[in-house]
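Asks: Quick one: structure below, then a few questions.
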Amino acid sequence: MSSPLLRSELLLAQNVQPKATTPGVATDSTAVPTGVTPSAGGSPFSGGMLQMVLMLAIFVPFLFLMTRRQRKEQQARASLKKGDRVTTTGGLIGELVEIDERVAKIKITPTVTVQCVANTVTPYAEAEKAPAKDLKEAKAAPEKK
């Protein structure tokens with residue numbers, strides 16, 4: 001249901017041409033009559049159709065990538081077992097105590113166990129630490145220059 005203020009008849013009234021009898025106004029005999037739009041030569045991909053095809057061409061790969069990522073996360077979550085190190089989307093890192101379809105219990109300290117939504121839990125992959133020898137060399141290299 002459209003508002004009476006946004007009807008197409010009112011919007012077309014803004015483009016009213018001056019009357020031919022108005023002094024000093026030249027009339028254009030090649031003007032397109034009101035309500036008629038020039039065609040694009042009968043192209044199968046005219047205006048609206050081309051926009052729809054472009055939107056689908058952009059949307060479909062994103063949809064594919066999102067579902068693929070969700071599937072990988074579900075598989076990783078299904079492979080979790082008691083005692084695994086996990087992290088939540090909130091940033092908590094701990095040891096998995098129990099997990100079911102909806103709730104996961106994570107021990108973050110020896111005396112603190114928290115509950116969180118199960119689909120926020122992912123396996124924790126620790127970053128590899130550089131050996132201390134390489135780190136000292138990296139710090140010393142800029143000083144030599």
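No value in this document is a laboratory result; all are computed from the given coordinates. Given the structure is predicted, the values throughout are model-derived calculations rather than measurements. All Cβ positions, even for glycine, are placed from backbone atoms using ideal geometry, and neighbour counts span all protein chains on display.
Asks: Find out how many positive minus negative residues lie around residue 86, taking Lys and Arg as positive, Asp and Glu as negative, among other residues whose Cβ is under 13 Å from that of residue 86. Don't jump to the answer; show the numbers that get you there.
Replies: Details: positive: 77, 81, 82, 85, 105, 107; negative: 73, 84, 95, 98, 126.
Every neighbour counted, the sum reads +1.
Asks: Shape of region 50-115 from its Cα gyration tensor (a ≥ b ≥ c, root eigenvalues): rounded if a/c is under 1.5, otherwise prolate when a/b > b/c, or oblate?
Replies: prolate
Asks: Can you tally the net charge around residue 61? Count Lys and Arg as +1, Asp and Glu as -1, for every other residue whose Cβ sits under 13 Å from the Cβ of residue 61.
Replies: +2
Asks: What nm value, rounded to one decimal, do you get for the distance between residue 115 and residue 22 when each label is placed 7 Å out toward the C-beta?
Replies: Once both label points are built, they end up 7.4 nm from each other.
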